Amino acid sequence: MTGRSDHRYTTAQPPLPTWLDRYTTLGLYGLLVGTGLCLAAFVTNPVPDPSFPWATLPAPLRLPFEQPRIEHWPTTYTLGIWLWILGFPALFLDGYRRFGTRTTGGSTMWLAGLPTVAMLGWTTYCRFFWPKLHPPTWNAPSYTVVCWLYCSSYDVLWSNTAYAIALFGIVATLLALRRKSGDGYALLGFGLLALPLGLPAVYAGYHRMR
């Protein structure tokens, strides 16, 4: 592969497309709303998340009724977790929107590098540290589709696949940082494989391929 001297890398960062900018703003609000919904479960259910039975409020601080559960988790807790999942990519897009090329690694770190680190972190947590509930459920919170396949089955094949995708994300990030040919395709490929977490990389790859 050869390096490139493309004017796109020396000009100011482009603004996010209107739809992606709107998603970023709504996603950040979704994170706040999701946090509130998760906290609401603590005042209705003795143990909102069975993975963490120690996370509970004393009975006098709880309301005199319990929420119904969707599989293992109370309704508002489930909704809150999925709002976190859907809104999580907005953190990286907002970082790009606010700081962009002013940070080390520029837009590549916000749109590809940090999502890759997040995928590695979540995959490792879910594989080795998350107190797994039984039976596995379709409602398992997961930040990528392939992670959902693991968390809803506990089949290590899918966890290994998630690690492979994260490794691909590292390669794509390095290609983009070094401005190698094909970096746009690599970023786009990683982003698609890592959706919804990979949404920022999809944008980065598409922009570089234009």
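The values are calculated or read from the model by the stated rules, or taken from the named source; none is laboratory data. Computed from a predicted structure; not experimentally measured. For neighbour counting, all protein chains shown are included, and Cβ atoms are generated from backbone atoms with ideal geometry for every residue, glycine included.
Going by the structure shown, is Y96 over 20 Å from L133 (Cβ atoms) and either modelled with pLDDT of 95 or more or of a type in the set (F, W, Y) (or both)?
The answer is yes for Y96.
Are there any pairs, at least 6 apart or on different chains, whose C-beta atoms fall under 7 Å, with the first in segment 197-210 and under 7 Å from G184 (Cβ atoms) and the second crowded, with 23+ Cβ neighbours inside 10 Å, and if so, which?
Sorted first by the residue in segment 197-210, then by its partner, the pairs are G205/L187; G205/G191; R208/D183; R208/L187.
Condition check: in a loop (DSSP other than H, G, I, E, B) and within 17 Å of the chain's Cα centre (by Cα). Does S159 satisfy that?
no
Condition first: of a type in the set (A, V, I, L, M, F, W, C) and either in a loop (DSSP other than H, G, I, E, B) or within 19 Å of H134 (Cβ to Cβ) (or both). Now tell me which residues in segment 43-62 satisfy that.
Listed by number, the residues that qualify are V43, V47, F52, W54, A55, L57.
Restricting the first residue to segment 83-106 and requiring it to be within 13 Å of T25 (Cβ to Cβ), which pairs with a second residue that is β-branched (V, I, T) and modelled with pLDDT of 85 or more meet a Cβ separation below 7 Å and a spacing of at least six or different chains?
A90/T24; L93/T24; D94/T24; R97/T24
Looking at G182, G121, G169, which one is modelled with pLDDT of 95 or more and farther than 29 Å from Y77 by Cβ?
That would be G169, the only listed residue that is modelled with pLDDT of 95 or more and farther than 29 Å from Y77 by Cβ.
Okay, residues lined up against (1) of a type in the set (K, R); (2) farther than 17 Å from W148 by Cα; (3) under 17 Å from the mean Cα position of the chain (by Cα):
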{"site": "A164", "(1), (2), (3)": "no, no, yes"}
{"site": "R179", "(1), (2), (3)": "yes, yes, no"}
{"site": "G184", "(1), (2), (3)": "no, yes, no"}
{"site": "L187", "(1), (2), (3)": "no, yes, yes"}
{"site": "L192", "(1), (2), (3)": "no, no, yes"}
{"site": "G198", "(1), (2), (3)": "no, no, yes"}
{"site": "A201", "(1), (2), (3)": "no, yes, yes"}
{"site": "Y206", "(1), (2), (3)": "no, yes, no"}
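Within segment 70-109, which residues are in contact with a strand residue (DSSP E or B) (Cβ under 9 Å, 6 or more places away or on another chain) and outside any helix (DSSP H, G or I)?
Passing the criteria: only F88.
Residues in segment 166-178 that are surrounded by fewer than 23 Cβ atoms within 10 Å (Cβ to Cβ) and closer than 18 Å to T124 by Cβ: how many?
Summing the residues that are surrounded by fewer than 23 Cβ atoms within 10 Å (Cβ to Cβ) and closer than 18 Å to T124 by Cβ in segment 166-178 gives 3.
Among the numbered criteria (1) surrounded by fewer than 12 Cβ atoms within 10 Å (Cβ to Cβ); (2) at pLDDT 95 or above; (3) hydroxyl-bearing (S, T, Y); (4) over 27 Å from the mean Cα position of the chain (by Cα), which one does T18 miss?
Here T18 meets the rest and fails (4).
Going by what's in this entry, would Q13 be described as surrounded by 12 or more Cβ atoms within 10 Å (Cβ to Cβ) and at pLDDT below 95?
It is true that Q13 is surrounded by 12 or more Cβ atoms within 10 Å (Cβ to Cβ) and at pLDDT below 95.
If you take the residues of segment 123-139 that are free of Cβ contacts under 8 Å to residues at least 40 places away in the same chain and either touching a strand residue (DSSP E or B) at 6+ places or on another chain (Cβ under 6 Å) or surrounded by 15 or more Cβ atoms within 10 Å (Cβ to Cβ) (or both), which of them is nearest to A201 (Cα to Cα)?
T124
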